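The values are calculated or read from the model by the stated rules, or taken from the named source; none is laboratory data. Keep in mind the model is a prediction, meaning the values are calculated, not measured. Neighbour counts are summed over all protein chains in view; Cβ atoms, including those assigned to glycine, are modelled from backbone coordinates with ideal geometry. The accessibility values were calculated without ligands, DNA or RNA, using every heavy atom of the protein model including side chains. Shrake-Rupley method; radii C 1.70, N 1.55, O 1.52, S 1.80 Å.
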Amino acid sequence: MYIPKQYRMDPDEAVQMMKSYPFALLVTVDEHRPLATHIPLEIREDEGKIFATGHIAYGNMQKKTLDNNSDVLLIFQGPHAYISSSWYEREEVPTWDYLAVYAYGTARVLTLDELKSALDSMLKHYESHRENGRLWDTFNPELLEREMKGIVGFEIEITSIQASAKMSQNRNNTDYKSIVAELEKSNEQGEIQVAQWMREQRKDLFK
């Protein structure tokens, strides 16, 4: 990913963004043809390493590219918004602000026991806080066994992260405050989230 120096995201912040926006694009190559699948992931840190765990449909041909593949790319998309140049002091062209993380790594296919553990962990993550949440042991074992035959689990050890936070850092203080003010008028969740991120990064401007 091309990232000008002023837009490079802190590595710890990049990992947190991966956890906050875990619906990622899984990209691999099969005989020079790129393959991609949008997929929910669980991100975990273990002894200084970062892992992404997920599963895809058994019928998805991308499954063939996931075992012992050291060239896997995960693309995480955070909040983004169109930035109108009418919000600037001087005449400029418009742009787009966004948060994005490219995570490269090595994939392997999970064993059946590992897949069960990964699914159990994902259910706890997304269901344990819900009233009557559906955890692993609340399902009929026969249903789980049948459904697991239709998926392939995988784990990716992240080896490299490139992260961009292009959030109008190049604008002067007046423009920056104007952008935040205009985005906060929006009813679009993404635009509101961009404004929140910008406000948090420059708290000194909004005292």
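For this structure, a couple of remarks:
- Looking only at residues in region 61-93 that are touching a Ser or Thr at 6+ places or on another chain (Cβ under 8 Å) and free of Cβ contacts under 8 Å to residues at least 12 places away in the same chain, the one that is farthest from Tyr2 (Cα to Cα) is Glu91.
- Here is the figure for region 145-168: residues that are over 30 Å from Trp96 (Cβ atoms) and either in a loop (DSSP other than H, G, I, E, B) or in contact (Cβ under 8 Å) with a residue 24 or more places away in the chain (or both) total 9.
- Residue within region 169-188 that is acidic (Asp, Glu) and part of a helix (DSSP H, G or I) present: yes
- Verdict on Thr28 being more than 30 Å from Lys177 (Cα to Cα), among the polar types (S, T, N, Q) and in contact with a strand residue (DSSP E or B) (Cβ under 7 Å, 6 or more places away or on another chain): yes
- Segments classed as strands (runs of 3 or more DSSP E), wholly inside region 41-139, with at least 2 members that are under 30 Å from Ser178 (Cβ atoms): 69-83, 95-109
Matching residues to (1) surrounded by fewer than 18 Cβ atoms within 10 Å (Cβ to Cβ); (2) closer than 29 Å to Thr53 by Cβ; (3) among the aromatic types (Phe, Trp, Tyr):
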residue	(1), (2), (3)
Glu131	yes, yes, no
Arg146	yes, yes, no
Ile158	no, yes, no
Ser168	no, no, no
Asn173	yes, no, no
Lys185	yes, no, no
Gln189	yes, yes, no
Ile192	yes, no, no
Gln201	yes, no, no
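- Residues that are under 17 Å from the mean Cα position of the chain (by Cα) and more than 15 Å from Lys19 (Cα to Cα), drawn from region 71-105: Val72, Leu73, His80, Ala81, Asp97, Tyr98, Tyr104, Gly105
- Glu47 meets the conditions (1) in contact with a strand residue (DSSP E or B) (Cβ under 6 Å, 6 or more places away or on another chain); (2) of a type in the set (Asp, Glu); (3) open to solvent by 70 Å² or more (accessible area, probe 1.4 Å) in every case but one. The failed one is (1).
- Number of the exception - Thr95 against (1) open to solvent by 50 Å² or more (accessible area, probe 1.4 Å); (2) more than 24 Å from Leu73 (Cα to Cα): (1)
- Residue tally, condition closer than 18 Å to Glu157 by Cα and assigned to a strand (DSSP E or B), over region 1-35: 7
- You will find that of Tyr58, Tyr2, the residue that is among the aromatic types (Phe, Trp, Tyr), free of Cβ contacts under 8 Å to residues at least 40 places away in the same chain and either under 18 Å from Ala107 (Cα atoms) or surrounded by fewer than 11 Cβ atoms within 10 Å (Cβ to Cβ) (or both) is Tyr2 and no other.
- Residue ID - surrounded by the most Cβ atoms within 10 Å (Cβ to Cβ), chosen from residues in region 28-44 that are more than 13 Å from the chain's Cα centre (by Cα) and among the hydrophobic types (A, V, I, L, M, F, W, C): Leu35
- Ser178 satisfies every condition listed in (1) open to solvent by less than 70 Å² (accessible area, probe 1.4 Å); (2) within 25 Å of Ala52 (Cβ to Cβ) except (2).
- Subset of region 61-89 [within 18 Å of Thr111 (Cβ to Cβ) and open to solvent by 60 Å² or more (accessible area, probe 1.4 Å)]: Lys64, Asp67, Asn68
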